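Read the structure below first, then the notes.
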Amino acid sequence: VSGQRTASSIPLGITIQSPPNGVVTSTRFIPVSGIVSDGSAAVTVDGSPAIVSGDQYVAPVVELVEGENTLTAQATRGAEIADAQVSVTYNAPPSIVITSPSDGATLRVAPVDVEGVVDDLAAFVDVNGVVATVGAGGRFLARDVPLSPGENPLLARAIDPLGAIGTDRVVVT
């Protein structure tokens, strides 16, 4: 039929809409989604099949490695191939562990000093909002963290210079 375009006559194209190019994330697994010009094309993201619905696709779980990652979405229709790329930086959150007091401990004094270890010496560390000092070997100390009678969750946070947050939590009575 003259004047009608079939799907195969439309130039094959693909875009990545999410995540945006240049984003920094502290999430190791992310979804990648975008638009493909022909919904019948096979779409992969970094070699793994994506789910295509109409002109949209999604790869629900794409694993990132520490540092910069180049993610490639590729559409294939017969011998035609189209691709799109974005750069995503994975900044792993700092690891933090409360070493004292121990989880489940019953304490007879309040406030309490909370100690632990963080693997990023440049991280800001606090426990329940009380700023901790970070010393040699990543040892941290938050002095005089307030407690109330009964159960008290102690939440230690380590925030690295790029904003990634690592946490550890213990409950004391």
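The values are calculated or read from the model by the stated rules, or taken from the named source; none is laboratory data. As the structure is a computational prediction, the values presented were derived from the model and not from experiment. Cβ: placed from backbone, ideal geometry, glycine included. Neighbour counts: every protein chain shown. Protein only, heavy atoms only, side chains kept; ligands, DNA and RNA dropped before computing areas. Shrake-Rupley method; radii C 1.70, N 1.55, O 1.52, S 1.80 Å.
A Förster radius of 35 Å combined with the Cβ-Cβ distance from LEU162 to ARG139 puts the calculated FRET efficiency at roughly 0.95.
Extending 7 Å from Cα along the Cβ direction at ARG169 and again at SER87 yields two label points whose distance is 3.7 nm.
Here the 3J(HN,Hα) profile of the range 120-132, calculated from phi with Karplus coefficients 6.51, -1.76 and 1.60 at θ = phi - 60°, is 10, 5, 8, 6, 7, 10, 9, 10, 6, x, 8, 5, 9 Hz, Gly and Pro shown as x.
State whether the range 15-54 is rounded, prolate or oblate according to the following rule on the C-alpha gyration tensor (a ≥ b ≥ c being the square roots of its eigenvalues): a/c under 1.5 gives rounded; otherwise a/b larger than b/c gives prolate, and the remaining case gives oblate. Taking the square roots of the gyration eigenvalues as a ≥ b ≥ c, the range 15-54 is prolate.
One way to sum up the overall shape of the range 51-99 is the equivalent ellipsoid from its Cα gyration tensor, whose semi-axes run 33, 13, 7 Å, largest first. The GNM of the chain, with springs linking C-alpha atoms under 10 angstrom apart, assigns the highest mean-square fluctuation among GLU80, GLU68, GLU115 to GLU80.
Expressed in nm², what is the orientationally averaged projection area of the convex hull enclosing the Cα positions of the chain? Intermediate values should be presented prior to the final figure.
Details: hull surface 54.4 nm².
Orientation-averaged projected area of the Cα hull: 13.6 nm².
Rolling a 1.4 Å probe over the heavy atoms of the protein chains gives the chain an accessible area of 55 Å² per residue.
Over all other residues within a Cβ to Cβ distance under 12 Å of ALA158, the charged ones net out to -4, with Lys and Arg as +1 and Asp and Glu as -1. Semi-axes of the equivalent ellipsoid of the range 89-173 are 24, 12, 10 Å, computed as sqrt(5λ) over the eigenvalues of the C-alpha gyration tensor in descending order. Under a Gaussian network description of the chain, with springs only between Cα atoms under 10 Å, the residue in GLY150, GLY22, GLY13 that fluctuates furthest is GLY150. Over all other residues within a Cβ to Cβ distance under 13 Å of ILE96, the charged ones net out to -3, with Lys and Arg as +1 and Asp and Glu as -1.
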